[in-house]
Amino acid sequence: MRRTTVKELLSSQELDREVLVKAWVRTRRGNKYVQFIALNDGSTIHTLQVVAAAEQFPEESLKEITTGACVAVRGQLVASQGKGQAVEVQATEITVLGTANPETYPIQRRGSDQKGISLEALREIAHLRPRTNTFGAVLRVRHALAFAVHQYFNDHGFFYVHTPIITGSDAEGAGQMFRVTTLPPEHPPRTADGSVDFAEDFFGKQTNLTVSGQLEGELAAMALGSIYTFGPTFRAENSNTARHLAEFWMIEPEVAFNELEDNMDLAEDFLQSLVKYALAHCADDLQFLNDQYDKELLARLQSVVDNAFQRLTYTEAVEILKLAKQKFEFPVDWGTDLQSEHERYLVEKHFKKPVILTNYPREIKAFYMKLDDDGRTVRAMDVLFPGIGEIIGGSQREEDYAKLTTRMAEMHVPADELDWYLDTRRFGTAPHAGFGLGFERLVLFVTGMANIRDVIPFPRYPKNAAF
């Protein structure tokens, strides 16, 4: 007999039929006449009630049906006589597929979610936390958003390009990269001056895990027109904040012939489309997260969908911040990089809507961003969201070979290592633009969770790679 998911059964209109459900036990309660077993198989936030009559299932036969155990249940799907569910299964056969010792099983539930275990403690047992309602909901939302990303770009004529995870270049020039090597750590080969001889390494040169697929994405855009990347990226930054991970996923579209205005239009439409998809397809999970963690979540998500993003320049933003009656921890002046407190003030207090900031000072932005005519600013753009701050960073790229190489020299970016990148400016250069969206920051915003470590299945951060 085919297994039916809990989600399918809860929405079924076909009653009084035999069904087979396989799932994990959330709770078991009852009396000497009847036992009620709540089952969940991950297909939905909701549980399915199984009714086990005492004459058929004496207490002794149910002793292994404890929270966390896995069972297979055959029975009749019928209209429920109790409150809280439309249907239930009257069990005729229960088989325990896997036990869970209640004395050692680390997740015990009370009501709708985990009992007595903090989100921080659950990170220590990340391999089990998807069994809680909270992380089941987060992971289903994460899946829906990932699907929506691919659907959006496919529907808009983009091509999905897989850019390298192992790279010989540093796209951001930050230097905080994880090294990839097969050289023996104790006694690596060395050159005459005593430095490590990477010519003896697997790739014949020093290589690292990528921080971005943008530069390679630009190559593809110069041939295919509109492309996007969606893959893991890595940063060896010793940061333990609620907004940083060492391993995270990036979405990076790159579009030939787009300029800054086109880039902003794409970013706004893309974000609104993703949020709209989540609201339409994750209603139950978002309602749970709204009720349990963030009472304003659903209203905030709807606000993003309903309102056009406010657009202004960095210079205009600085003037607003300098006139603000709020005291900031970090002072604001033209030429300084805006901090999260500044970004959130603009979004949450001044405009009360998402904001797109443009035309940042050249000194605080990357070498590949196109210079404005004033020579002081570049055609950069950051999208700022409530509760998050920067969620997208992007720019129109510098397509002029002479200007790009001048900027690289000014910022000490080695042109010889990026000669392949410069070929796109030597041969058939064209205006183009793109941006990067940190996927976990998007999931953080849509779920209303407070810590980025709680929106990725197995978080990687300093001193943590347990799984």
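Quick note: the coordinates plus some simple rules give every number you see, no bench work behind them. These numbers come from a predicted model, not from an experiment. Don't worry about glycine lacking a Cβ; one is built from the backbone with ideal geometry, like all the others, and counts go over all protein chains shown.
Structure values in brief
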| read-out | value |
| --- | --- |
| Extension gain (nm, one decimal) between V196 and F36, 0.36 nm per residue minus Cα-Cα | 51.0 nm |
| Per residue, the convex hull volume that the Cα atoms of segment 115-264 enclose (Å³) | 182 |
| Inter-part distance where segment 350-377 and segment 127-173 are each reduced to a Cα centre, Å | 27 |
| Top positive-direction residue, dipole computed over segment 259-371 with Cβ charges, set A324, P354, L266 | A324 |
| Per-residue ³J(HN,Hα) for segment 379-391, Karplus 6.51 cos²θ - 1.76 cosθ + 1.60, θ = phi - 60°, Hz, x for Gly and Pro | 7, 8, 8, 10, 9, 10, 10, x, x, 10, x, 5, 10 |
| Among L209, L418, A146 - extreme Cα towards positive end, dipole of the chain, charges at beta-carbon | A146 |
| Computed FRET value (nearest 0.05) for E261 with E316, which takes r as the C-beta separation and R₀ as 22 Å | 0.85 |
| Magnitude of the charge dipole, the chain, Cβ model with Lys/Arg +1 and Asp/Glu -1, debye to 20 | 1940 |
| Fraction of antiparallel bridges per DSSP, segment 6-105 only, in percent to nearest 5 | 95 |
| Approximate shape of segment 316-417 as ellipsoid semi-axes (Cα gyration tensor, √5λ), whole Å, largest first | 29, 13, 12 |
| Value of Rg/Rh across segment 119-159 [Cα atoms, Kirkwood radius] | 1.24 |
| Average projected area [Cα convex hull, segment 6-105], square nanometres | 6.1 |
| Packing-based order for 17-24, 254-261, 302-309, using average beta carbon neighbours within 10 Å, highest first | 254-261, 17-24, 302-309 |
| Proximal lysines to K370, defined as alpha-carbon separation beneath 20 angstrom and excluding residues fewer than eight positions away on the same chain | K403 |
| Space enclosed by the convex hull of the alpha-carbon atoms of the chain, per residue, Å³ | 195 |
| Distance in nm between pseudo-label sites at L128 and L224 (7 Å out along the Cβ direction from Cα) | 4.3 |
| Cα centroid separation - segment 294-327 against segment 61-103, whole Å | 49 |
| Positive-pole candidate from Q35, I166, A69, dipole of the chain, charges at beta carbon | Q35 |
| Fraction of beta bridges assigned by DSSP in the chain that are antiparallel (%, nearest 5) | 90 |
